[in-house]
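The values are calculated or read from the model by the stated rules, or taken from the named source; none is laboratory data. Treat the numbers as computed from the prediction; the structure is a model and nothing was measured. Cβ coordinates were reconstructed from backbone atoms using ideal geometry, including for glycine residues, and neighbour counts include every protein chain displayed. Ligands, DNA and RNA are stripped out before the accessible areas are found, and what is left, the full protein with its side chains, is counted by its heavy atoms. Shrake-Rupley method; radii C 1.70, N 1.55, O 1.52, S 1.80 Å.
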Amino acid sequence: MLLWRRLAALRAAPGPRRLSVAARPGPGPGPSSPGPSGDGDGALRPLYMDVQATTPLDPRVLDSMLPYLTAYYGNPHSRTHAYGWESEAAVEKARQQVADLIGADSREIIFTSGATESNNMAIKGVARFYKSRNKHIITTQTEHKCVLDSCRSLEAEGFRVTYLPVQKNGLIDLKELEAAFQPDTGLVSVMTVNNEIGVKQPIHDIGEICRARKVFFHTDAAQAIGKIPMDVNDMKIDLMSISGHKIYGPKGVGAVYVRRRPRVRLEPLQSGGGQERGLRSGTVPTPLAVGLGAACEVAQQEMEYDHKRISQLAERLVTKIMSEVPDVVMNGDKEHRYPGCINLSFAYVEGESLLMALKDVALSSGSACTSASLEPSYVLRAIGTDEDLAHSSIRFGIGRFTTEEEVDYTVQKCIQHVKRLREMSPLWEMVQDGIDLKSIKWTQH
């Protein structure tokens, strides 16, 4: 029986699905080893509601990868024998599958190790290639950390970067974007869907503005690819970053789309054998590339169904929580958003305390890349969220394999623990007594 059929049978089981350590696929702690919670044999794993951090590997994707992990192990760059030819054919098929998802030519797809490398390649590569005439870059304050850090490293090389603010709904003001252009602006980088609050930027309009000014437009589409329709030609996108593990594909692989007409030139980040049209040297990992291609094909086939189903589950989660718990704020625009990413702030509750209370649901208080920091999310600060509310935010991720029972269980536990934590909060008690907390002058001792 194919793995995806087994998964379908598993998901048909009633009640919220929590796997035991023994049921976990792949290598890991054995039956006698302590599980993730340290409870030993039979410890339950939490429900997974953090698909913005990563998605589970779709079993259909794994099925496509397995032959290239065992029988077909040739180097795709070996041109003198059948082992190389069959691996090369698989890589080129995967390249076409990725291209088909975004309306591109397969020759415009460059395989990378993930969206972080793709973002670095696109931003640094374009900036350095055209540095003799273009020294200005425009991006936003709510980009992924790898985009912001790439821009900061270019500032150290003498480039100027404009970090556009966003409005309270998380969207950029197109008039501010137009006003930010300078005679030597060479690149605009704006992410499609934000990884923390799920807002969807007006990519089509931004592409039109950039094309009219003959400025290259890059978008980090890691959270958008396979979830919403994307067409690089319709949207006038010149460079796009893609990640495998955000679309139910394997970790360690991604791609960058680089337009051929009008041609975009990049300075490579690494030197070597000149693979991937000289832009990204290094042996392409055939099983991972095949997995990314298969994930893109499955996403293309199921996008409409997934989006409808995820929208219904998201509506169910938000409606139930907000009908039972007062003083809950949804962060980001309510209309222009991807429904599977829900960021809620629970006033008068510490987000970390709520996460600890919800230990049987895997959730996040923001980006997995910055979750070790105790500082409030820079994305929430950029949209003007009060620091107290920013500290009380939780991100709920709903994906392809999330069930209605899992959503209901998460809602029930969330309502229960928010009410319990508020009962312990003196601030909540003061609010209930009608005291305006902003009117209080707190003193330090």
query = What order do you get for 274-281, 296-303, 113-120, 73-80 when each peptide is scored by the mean count of other beta carbon atoms within 10 Å, highest first?
reply = 113-120, 296-303, 274-281, 73-80
Relative contact order %, the chain, counting alpha carbon pairs below 8 Å whose residues are six or more apart = 20 percent
key: Cα-based Lys pair tally, the stretch 59-298, threshold under 15 Å, eight or more apart or on separate chains   = 7
query = Which whole-number percent is the relative contact order of the stretch 59-298 (Cα, under 8 Å, 6+ apart)?
reply = 29 percent
key: Label-to-label distance, nm, for residues given as LYS175 and THR80 (7 Å Cα→Cβ offset)   = 6.6 nm
request  = Mind running the shape call on the stretch 275-402? Use the C-alpha gyration tensor, a ≥ b ≥ c as the square roots of the eigenvalues: rounded below 1.5 for a/c, prolate if a/b tops b/c, oblate otherwise.
outcome  = prolate
message = Can you tell me which of ALA179, ALA295, ALA99 moves the most in a GNM of the chain? Springs connect C-alpha atoms under 10 Å apart.
response = ALA179
remark   = Diffing the stretch 162-168: the Karplus 3J(HN,Hα) column from phi (6.51, -1.76, 1.60, θ = phi - 60°), in whole Hz with x for Gly and Pro, holds 9, 9, 5, x, 10, 6, 4
request  = Skip the ligands, DNA and RNA, and give the accessible area per residue of the stretch 198-303 with a 1.4 Å probe, whole Å².
outcome  = 36 Å²
key: Under 19 Å between alpha carbons - lysine pairs in the stretch 302-437 that sit 8 or more apart or on different chains   = 7
ask   = Got a number for the accessible area of TRP85? Probe 1.4 Å, square angstrom, nearest 10.
value = 130 Å²
request  = Provide LYS175, LYS419 ordered by accessible surface of protein heavy atoms (probe 1.4 Å), highest first.
outcome  = LYS175, LYS419
key: Heavy-atom accessible surface of the chain: percent carbon and sulfur, 1.4 Å   = 53 percent
request  = Per DSSP H run of n ≥ 4, the term is -39500 (n - 2.57); total these for the chain, divide by its residue number, and report the mean residue ellipticity at 222 nm rounded to 500 deg cm²/dmol.
outcome  = -12000 deg cm²/dmol
request  = State the label only: which of (1) 136, 58, 44; (2) 85, 84, 34; (3) 75, 60, 40 corresponds to Cα extents along the principal axes in Å computed from the shown model?
outcome  = (3)
ask   = Over the stretch 147-246, what relative contact order in percent results from Cα pairs under 8 Å that are six or more residues apart?
value = 22 percent
note = Between the alpha carbon centres of the stretch 66-116 and the stretch 156-187 the gap in Å comes to 36 Å
message = Can you tell me how the stretch 59-298 classifies by the Cα gyration tensor, rounded, prolate or oblate, using a/c under 1.5 as the rounded cut?
response = prolate
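If ARG133, ARG309, ARG395 are ordered by their accessible area, calculated over protein heavy atoms with a 1.4 Å probe, which sequence runs from highest to lowest?
From most exposed to least exposed: ARG133, ARG309, ARG395.
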note = Per the C-alpha gyration tensor (a ≥ b ≥ c, the square roots of its eigenvalues), the stretch 288-336 is rounded if a/c is under 1.5, else prolate if a/b beats b/c, else oblate; here it's prolate
